[in-house]
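Written out below as structure tokens is the structure these notes cover.
The values are calculated or read from the model by the stated rules, or taken from the named source; none is laboratory data. Worth saying up front: this structure is predicted, and the values here are computed from it rather than measured. All Cβ positions, even for glycine, are placed from backbone atoms using ideal geometry, and neighbour counts span all protein chains on display. Quick note on the areas: whole protein, heavy atoms, side chains included, nothing else; ligands and nucleic acids left out. Shrake-Rupley method; radii C 1.70, N 1.55, O 1.52, S 1.80 Å.
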Amino acid sequence: MWMADLIGGVVVLLFGLSVVIFSMQLPYMSEFGPGPGFLPLWLGIGIAGCAVAVILKVLRKRDLVEAFIKPQTRVGLQMLGLIVCAFLLLPLLGFSVGLALFAATAMRLIGKHGMLACGLTAVGAAIGINVIFGLWLEIPIPTGIVGW
């Protein structure tokens, strides 16, 4: 896990530095206050600073006997794949049905819940999303081919 933590820290550091570099192309101040480059600059600095702290902690620990991929890593990668699939299927299935299936699948994957609980959650989530956003708040949500 030492090498995985180190690689992760370096990747996040590079991401934070790229945010800082790209935010410097935007104006830092405007005539009324902070400009569009203000928030990304400080977020990038914060991300890079946290990454440096993680890298220093990893370098001090230096425990090479740990496994590179732990069992929790597999669940994390499965969840990442589930998120990608959900967002790819949202235009096809619609917002309500897509997020309901995402919730049910995530419950089954991470929580190891039974099929009945996952199914009831999916139905409740689809109806709840449709009622709250579509009817009460009158926010148009993507429906997809299912119509929900």
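Only one of the numbered conditions (1) surrounded by 12 or more Cβ atoms within 10 Å (Cβ to Cβ); (2) assigned to a helix (DSSP H, G or I) is not met by LEU77, and that is (1). For the stretch 139-147, the criterion of being open to solvent by less than 80 Å² (accessible area, probe 1.4 Å), within 30 Å of GLY8 (Cβ to Cβ), part of a loop (DSSP other than H, G, I, E, B) and of a type outside the set (Phe, Trp, Tyr) is satisfied by no residue at all. Say whether the condition of being surrounded by 15 or more Cβ atoms within 10 Å (Cβ to Cβ) and closer than 25 Å to LEU77 by Cα is met by at least one residue in the stretch 58-66. There is at least one residue in the stretch 58-66 that is surrounded by 15 or more Cβ atoms within 10 Å (Cβ to Cβ) and closer than 25 Å to LEU77 by Cα. In summary, PRO71 fulfils each of the numbered conditions (1) surrounded by 11 or more Cβ atoms within 10 Å (Cβ to Cβ); (2) without any contact (Cβ under 8 Å) to a residue 24 or more places away in the chain; (3) not aromatic (Phe, Trp, Tyr) with the single exception of condition (1). Checking each residue in the stretch 83-112 for being farther than 16 Å from GLY147 by Cβ, over 17 Å from the mean Cα position of the chain (by Cα), open to solvent by 50 Å² or more (accessible area, probe 1.4 Å) and at pLDDT below 90 picks out only LYS112. Close Cβ contacts (under 6 Å, 6 or more residues apart or on different chains) running from residues in the stretch 120-148 that are under 17 Å from LEU89 (Cα atoms) to residues that are part of a loop (DSSP other than H, G, I, E, B) comprise PRO142/GLY94; THR143/GLY94; GLY144/GLY94; VAL146/GLY94; TRP148/GLY94. Scanning the stretch 104-138 for residues that are closer than 27 Å to LEU77 by Cβ and not in a helix (DSSP H, G or I) yields LYS112, HIS113, GLY114. Of all residues in the stretch 1-56, exactly one satisfies the criterion of being among the charged types (D, E, K, R) and open to solvent by 60 Å² or more (accessible area, probe 1.4 Å), namely GLU31.
For the stretch 113-138, a tally of residues being β-branched (Val, Ile, Thr) and either surrounded by 14 or more Cβ atoms within 10 Å (Cβ to Cβ) or closer than 20 Å to ILE83 by Cβ (or both) returns 2.
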